[in-house]
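Written below as structure tokens is the structure these notes are about.
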Amino acid sequence: MTRFVSGADRHQIALLPHRLDDYVSEDNPVRVVDVFVDELDLAALGFAGVTPAATGRPGYHPATLLKLYLYGYLNQVASSRRLEREAGRNVELMWLTGRLAPDFKTIADFRRDNGPAIQAACRQFVVLCRQLGLLAGGVVALDGSRFKAVNARDRNFTPAAVQRRIEQIEASIARYLAALDTADRQEDEVAHVRKVRIAERLDALRTRMRELQAMETLVEAAPDRQISLTDPDARAMATRGKGTGMVGYNVQAVVDTAHHLIVAHAVTNVGHDRTQLAHMSCQGQAATGHEALTVLADRGYFSGEEILACDQAGIAVTLPKPLTSGAKAEGRFGKQDFVYEAEADAYRCPAGEQLSYRYTNVEGGLTLRRYWTTACHGCALKARCTPAKERRVTRWEHEAVLEAVQRRLDADPHAMRTRRQTVEHVFGTLKGWMGATHFRMRRLRNVATEMSLQVLAYNLKRVMAILGTGPLLSALRV
């Protein structure tokens, strides 16, 4: 093999042995992980095992295991068994852990038993980003995305799913009974074998039917009428494509629009986003330190009560309002075609008539004001307005807050594009890192820990890309 680049002889004895440090360059990301964990006050964050036990076999320091996990999530190695293998053969991990190679059970137990502390470490890095001036924009984007749980759809039961499966089994039983009748009319040996096989299949289907009937009773008794067998906290969630729902969790993320850093996140098992706006926006406000924070969200977050709570906290929300009325779809005027005149406390309709205030009532805990006019019966535009006797308009007592949201959206027509380019990029990256896009752990508290490790690894990599490894190392040491 002449005239090729030659490698080192495996059997060559080195007079001066190499150090592990020689194999790790000065700008290697593993050095950032090492310094970041060493600068953390692990006891204050709540990590168990910081103080060694007085008796028994010595355990691994939590800093070692946290470094191991951070390196793993930075390099898309989240499995405890794979981390055990990597610790014994990966030069960077040997450098990081001092040639320690914990077994997979020790590695997995650390992640399971230190969930709140790991989440606190993730928040601590956001504090560092804030101190470095990386969160100075005051504008964040909010969105949620569905992530798969370790629970197959066949192991999740809702009333509709149980009923659908019962109907499928009933159809299968009817089909097999018809096949059995056909086999009874035949006398050859092949028909006999077929009858035995059909009878076995029918017994299995009847057993499955009894199981589903028992499950139907359990589902009806469940608090949210849903049961997941593999991961009890996972829930069925709808997705955009028809028939493509998944069993998983709803991950919420607040992302800074300037540098695409995740400033706050949460994991829920609620399949919609309507109740998350105020909670996540306040988390983003606390993390960034901006009292007058601007939050960009999509129409799935639109809720009058949630927007009002944000307004009371000093948070300016920008999001589109979903068109839930059928008037526009049927070619009639919608509520947005009626202009509210605050001085007169009345609405002006497209025909120029004034809809006066009539009365106030409370529905669903909301105080609603009703407006209408008696001039509808002689209006030339009535056919395009309402099929009823008169057009009535309802106004929430805090409608002015919602109108301010619409004005902000009108003033910034690129707001929704900014939101998409910010937060959907983050979710795409995270799902790409996770490979099969599913969590490995079970139960909501453990899944939240796993997500915090993903977010911490993502933010570390982002800041290294923004500042460079050297400046970040200097900032961590300071």
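The values are calculated or read from the model by the stated rules, or taken from the named source; none is laboratory data. Treat the numbers as computed from the prediction; the structure is a model and nothing was measured. In this analysis, Cβ positions are derived from the backbone assuming ideal geometry, glycine residues included, and neighbour counts consider all displayed protein chains. What goes into the accessible areas is simple: the full protein's heavy atoms, side chains included, and nothing from ligands, DNA or RNA. Shrake-Rupley method; radii C 1.70, N 1.55, O 1.52, S 1.80 Å.
Residues considered: S303, S281. Of these, the only one that is out of contact with any strand residue (DSSP E or B) (no Cβ under 8 Å at 6 or more places or on another chain) and open to solvent by less than 50 Å² (accessible area, probe 1.4 Å) is S303. Screening P322 against (1) surrounded by 13 or more Cβ atoms within 10 Å (Cβ to Cβ); (2) within 26 Å of N250 (Cα to Cα); (3) modelled with pLDDT under 90 leaves a single unmet condition, (1). Condition check: of a type outside the set (F, W, Y), touching a residue at least 60 places away in the same chain (Cβ under 8 Å) and on the phi > 0 side of the Ramachandran plot. Does G133 satisfy that? The answer is no for G133.
Scanning the range 206-252 for residues that are of a type in the set (S, T, N, Q), out of contact with any Pro (no Cβ under 9 Å at 6 or more places or on another chain), modelled with pLDDT of 85 or more and closer than 21 Å to A266 by Cβ gives S228, N250, Q252.
Taking the range 15-29 only, how many residues are within 29 Å of the chain's Cα centre (by Cα) and farther than 15 Å from V463 by Cβ?
The qualifying residues number 0.
The single condition among (1) without any contact (Cβ under 8 Å) to a residue 24 or more places away in the chain; (2) of a type outside the set (D, E); (3) open to solvent by less than 30 Å² (accessible area, probe 1.4 Å) that F47 does not meet is (1).
Being surrounded by 15 or more Cβ atoms within 10 Å (Cβ to Cβ), over 15 Å from the mean Cα position of the chain (by Cα) and among the β-branched types (V, I, T): is that true of V447 here? Steps first, answer last, please.
Details: surrounded by 15 or more Cβ atoms within 10 Å (Cβ to Cβ): yes; over 15 Å from the mean Cα position of the chain (by Cα): no; among the β-branched types (V, I, T): yes.
Considered against the rule, which asks whether it is surrounded by 15 or more Cβ atoms within 10 Å (Cβ to Cβ), over 15 Å from the mean Cα position of the chain (by Cα) and among the β-branched types (V, I, T), V447 comes out as no.
Taking the listed residues P232, P223, the one that is within 25 Å of G300 (Cα to Cα) and either open to solvent by less than 80 Å² (accessible area, probe 1.4 Å) or out of contact with any Ser or Thr (no Cβ under 6 Å at 6 or more places or on another chain) (or both) is P223, with no other qualifying.
S325 satisfies every condition listed in (1) touching a residue at least 24 places away in the same chain (Cβ under 8 Å); (2) in contact with a Lys or Arg (Cβ under 9 Å, 6 or more places away or on another chain); (3) small (G, A, S) except (1).
Among the residues of the range 289-300, the ones that are over 20 Å from the mean Cα position of the chain (by Cα) and buried (at least 18 other Cβ atoms within 10 Å of the Cβ) come to 3 in all. For the range 70-83, check the following and say yes or no: at least one residue is more than 16 Å from Q454 (Cα to Cα) and free of Cβ contacts under 8 Å to residues at least 60 places away in the same chain. Within the range 70-83 (the criterion being more than 16 Å from Q454 (Cα to Cα) and free of Cβ contacts under 8 Å to residues at least 60 places away in the same chain), the answer is yes, since at least one residue qualifies. Within the range 255-265, is there a residue that is without any contact (Cβ under 8 Å) to a residue 60 or more places away in the chain, aliphatic (A, V, I, L, M) and in contact with a helix residue (DSSP H, G or I) (Cβ under 6 Å, 6 or more places away or on another chain)? There is no residue in the range 255-265 that is without any contact (Cβ under 8 Å) to a residue 60 or more places away in the chain, aliphatic (A, V, I, L, M) and in contact with a helix residue (DSSP H, G or I) (Cβ under 6 Å, 6 or more places away or on another chain). In this entry, R408 passes the filter for residues that are at pLDDT 90 or above, in contact with a strand residue (DSSP E or B) (Cβ under 9 Å, 6 or more places away or on another chain) and open to solvent by 40 Å² or more (accessible area, probe 1.4 Å). Report, by residue number, each residue of the range 69-112 that is farther than 20 Å from R19 by Cα, hydrophobic (A, V, I, L, M, F, W, C) and either open to solvent by less than 20 Å² (accessible area, probe 1.4 Å) or modelled with pLDDT under 90 (or both). L70, L74, V77, A78, L83, I107, F110 - these are the residues of the range 69-112 that are farther than 20 Å from R19 by Cα, hydrophobic (A, V, I, L, M, F, W, C) and either open to solvent by less than 20 Å² (accessible area, probe 1.4 Å) or modelled with pLDDT under 90 (or both).
Residue by residue through the range 411-438, note down the ones that are of a type in the set (S, T, N, Q), open to solvent by 30 Å² or more (accessible area, probe 1.4 Å) and within 18 Å of V255 (Cα to Cα).
Within the range 411-438, T418, Q421, T429 qualify.
Answer yes if at least one residue in the range 241-254 is open to solvent by less than 40 Å² (accessible area, probe 1.4 Å), of a type in the set (S, T, N, Q) and in contact (Cβ under 8 Å) with a residue 60 or more places away in the chain, and no otherwise. Yes. The residues of the range 100-122 that are of a type in the set (K, R) and under 14 Å from A63 (Cα atoms) amount to a single one, R111. Where helices (runs of 4 or more DSSP H) sit wholly within the range 366-453, those with at least 3 residues that are closer than 30 Å to F333 by Cβ and of a type in the set (D, E, K, R) occupy 399-411.
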